[in-house]
Structure formats: structure tokens, C-alpha cells
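The structure under discussion appears below in the form of C-alpha cells.
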Amino acid sequence: MTGENLFLLPVPLPEEEVVEVLSRREGVRIERIISTGQSSPADFWYDQTEDEWVLLLQGSATLQWDDGSLTNLSTGDWLLIPARKKHRVDQTSTNPPCIWLAVFLQGSGAEKTPSL
């Protein structure tokens with residue numbers, strides 16, 4: 001058995017976003033992501049082949065969808081992003097930094113994304 005504290009941050013915080021794979025099994029990947037003000041490049045869209053369940057453990061962030069709409073997230077908010085739902089990170093907080101828990105599910109067939 002292995003484990004650590006999800007809220008323990010590297011010191012000093014790096015300038016680039018940190019992505020740590022916490023666990024990987026057939027069809028499932030769990031990541032901790034630390035964002036410190038990063039956003040997706042203006043012309044970049046995530047177009048993933050996996051469903052993504054994401055929980056913002058700390059901080060605030062805004063996701064942008066390919067139709068131009070925005071979803072604001074704060075501590076405790078979560079989303080289920082279906083595979084192929086184009087999105088980008090519009091902004092992430094720096095103080096406090098964002099701590100995300102992301103679960104990627106291969107072929108799970110998510111049917112809806114809750115609105116916040």
C-alpha cells in the first residue's frame with residue numbers, strides 16, 4: 001500500500017503545471033494536477049478519447065468549452081467531461097494554487113456533464 005497527502009505541495013512551487021500519475025489500471029488513470037496560474041494556449045483544445053472526472057480540491061479555475069461557454073470552478077466542485085468534449089483551461093488561481101484530482105475512464109460512456 002502506498003499513499004501521500006494530496007495537499008502537500010512541492011517547495012518551491014514550479015513555474016510549470018505538475019501532473020502526477022497516482023494510479024493506473026486497465027481503463028482507469030488517476031492524476032493529481034497542480035496548477036499555479038497556467039492556462040491552455042489560446043489555440044489549444046483538449047479532445048480526449050477518455051471520459052474525465054475532475055475534482056478541484058483547492059483554488060479556483062475556469063474551463064472554456066468549444067461553444068465559447070465558461071464553467072467556473074471553486075474548491076469542492078467537480079465535473080464529468082465526456083470523451084471528445086472539447087475544452088481548455090481558461091484560468092487557474094495562483095494563491096492558493098489549484099490542486100486537481102482527475103480520474104480518466106476509458107470507454108465508460110459518460111452521458112452528461114453537470115452544470116454548476
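So the values come out like this:
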| item | result |
| --- | --- |
| Residue of VAL19, VAL28, VAL11 that the Gaussian network model of the chain assigns the largest fluctuation, springs spanning Cα pairs under 10 Å | VAL11 |
| Farthest toward positive dipole pole in the chain [+1 Lys/Arg, -1 Asp/Glu at C-beta], among LEU13, LEU56, GLY107 | GLY107 |
| Heavy-atom accessible area ranking, 1.4 Å probe, most first, across PHE7, PHE44, PHE104 | PHE7, PHE44, PHE104 |
| Given the chain, longest segment not containing exposed loop GluC sites (Glu not before Pro) (DSSP; at most 12 other Cβ within 10 Å) | 27-110 |
| Cα pair count fraction exceeding 17 Å, expressed as % - the chain | 56 |
| Sequence of ASP66, ASP90 when ordered by accessible area, the most exposed leading, probe 1.4 angstrom | ASP66, ASP90 |
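The values are calculated or read from the model by the stated rules, or taken from the named source; none is laboratory data. Remember, it's a predicted structure, so these values are computed and weren't measured experimentally. Note: ideal-geometry Cβ built from the backbone for every residue, glycine included; neighbour counts use all protein chains shown. The accessibility values were calculated without ligands, DNA or RNA, using every heavy atom of the protein model including side chains. Shrake-Rupley method; radii C 1.70, N 1.55, O 1.52, S 1.80 Å.
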